[in-house]
Amino acid sequence: MLWLVHWLPLGVQAALGRALGRLLHRFAGSRRRIALRNIELCFPELDAEARRALVHEHFLWLGRSIVERGLLWYASPERLRRLIH
């Protein structure tokens, strides 16, 4: 699947990754609770809403990271040079 997705433009991959992150956030309840607890322990000064927002953002970036990993594995060095600066 990642091999197919790596051919898509980076913006499309980013959108797919964020969508995957939303799914992970919604359906990975135990992981979400663990992340919330870790954030609570590490950042006690944040209120509950700020902690939830941080965990949600983390899952969005996690999904994007998973999808874009295909670029690192399958894209040509030339394409990577164009994308990474």
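The values are calculated or read from the model by the stated rules, or taken from the named source; none is laboratory data. Since we're looking at a predicted model, the values are computed, not measured. Using ideal geometry, Cβ is built from the backbone for each residue, glycine included, and neighbour counts are taken over all protein chains shown. These accessible areas exclude ligands, DNA and RNA; they are computed on the full protein's heavy atoms, side chains included. Shrake-Rupley method; radii C 1.70, N 1.55, O 1.52, S 1.80 Å.
Taking the criterion of being farther than 24 Å from Arg69 by Cα and aliphatic (A, V, I, L, M), the residues of the stretch 35-52 that qualify are Leu36, Ile39, Leu41, Leu46, Ala48, Ala50.
Selection of first residues in the stretch 1-24 that are touching a residue at least 40 places away in the same chain (Cβ under 8 Å) and of second residues that are among the hydroxyl-bearing types (Ser, Thr, Tyr) and loosely packed, with under 14 Cβ neighbours inside 10 Å, restricted to Cβ pairs under 9 Å at least 6 apart or on distinct chains, gives the following pairs, ordered by first then second residue: Gly17/Ser65; Gly21/Ser65. The condition (being open to solvent by less than 80 Å² (accessible area, probe 1.4 Å) and modelled with pLDDT of 95 or more) is satisfied by just one residue among Leu36, Leu41, Leu23, Leu2: Leu36. When Leu46 is evaluated against the numbered criteria (1) surrounded by 11 or more Cβ atoms within 10 Å (Cβ to Cβ); (2) outside any loop (DSSP other than H, G, I, E, B), which criterion, by number, is the only one it fails? That leaves (2) as the condition not met. The set of residues in the stretch 5-20 being open to solvent by 50 Å² or more (accessible area, probe 1.4 Å) and in a loop (DSSP other than H, G, I, E, B) consists of Trp7, Leu8, Pro9. Residue count for the stretch 49-83, restricted to those that are in contact (Cβ under 8 Å) with a residue 12 or more places away in the chain and not hydrophobic (A, V, I, L, M, F, W, C): 11.
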